[in-house]
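Where a number appears in this text, it was derived from the coordinates with a stated rule and is not lab data. The structure presented is a predicted model; accordingly, all values stated were derived computationally and were not measured. Virtual Cβ from ideal backbone geometry, glycine too; neighbours counted across all protein chains shown.
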Amino acid sequence: MPKTGRRSLLAFDFGLRRIGVATGQEMLGTGRPLAMISANNGTPDWEQLEKILAQWQPDLVLVGLPLNMDDSESDMCGRARKFGKRLHGRFHVPIEMVDERLTSYEAKGDVMAAGGSRDFGRHGVDDRAAVLILETWCRLQTE
């Protein structure tokens, strides 16, 4: 694995219907949207995930953890943790969970500010939320 500061990253915004994916480099501290993967009640298309992981070969995978504003765990935290454990178990990639409070809200604001649609069901923001998860993690590494 490359030295800290030089790792390639993939970030996931876990959801029951869609999972946003972003890629980035730790050194740059920025990410870019990569994909939105369909999920059926939280079960992703594992073949699509396998292709993404094989293509990008990240040094570290980040999974958003949807904590409540009072630091307690939301109902989705357990499912997001399970998703992270399955990624690790299936693909043997190192996983870190990242506090993702307000990333979906911020991502929706970014889409609207850029003149995008309010139909977030059809035009999801999950890949943008994954970018924010990645950038949050990078910012925390430099603090």
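When the Karplus curve 6.51 cos²θ - 1.76 cosθ + 1.60 is applied with θ = phi - 60°, which whole-Hz ³J(HN,Hα) does each residue of the range 90-96 get, with x for Gly and Pro?
Coupling constants for the range 90-96: 6, 10, 6, 9, x, 10, 10 Hz.
Using the number of other C-beta atoms within 10 angstrom as an exposure proxy, rank Ser8, Ser72, Ser38 with the fewest first.
Working: Ser8 16, Ser72 8, Ser38 11.
By the 10 Å Cβ count, ascending, the order reads Ser72, Ser38, Ser8.
Provide the FRET efficiency to the nearest 0.05 for the Gln141-Arg101 pair, computing r from the beta carbons and using R0 = 25 Å.
On the way: r = 18 Å, r/R0 = 0.72.
So the FRET efficiency works out to roughly 0.90.
Efficiency by 1/(1 + (r/R0)^6): what FRET value for Arg6 and Asn41, r their Cβ-Cβ distance, R0 = 30 Å, to the nearest 0.05?
Working: r = 37 Å, r/R0 = 1.25.
According to the calculation, E is roughly 0.20.
Please work out the FRET efficiency for the pair Gln57 and Arg81, using the Cβ-Cβ distance as r and a Förster radius of 25 Å; give the result to the nearest 0.05.
0.60
Compute, for the range 24-107, the length of the dipole vector about the Cα centre, with Cβ point charges of +1 (Lys, Arg) and -1 (Asp, Glu) only. Units Debye, rounded to 20. Spell out each step's value before the answer.
Values: 9 positive and 13 negative charges, 73 e Å.
Charge dipole of the range 24-107: 340 debye, to the nearest 20.
For Glu135, Glu50, which order do you get if you count the other beta carbons within 10 Å of each Cβ and list the fewest first? Before the final figure, lay out the partial values.
Working: Glu135 20, Glu50 12.
Fewest-to-most ranking of Glu135, Glu50: Glu50, Glu135.
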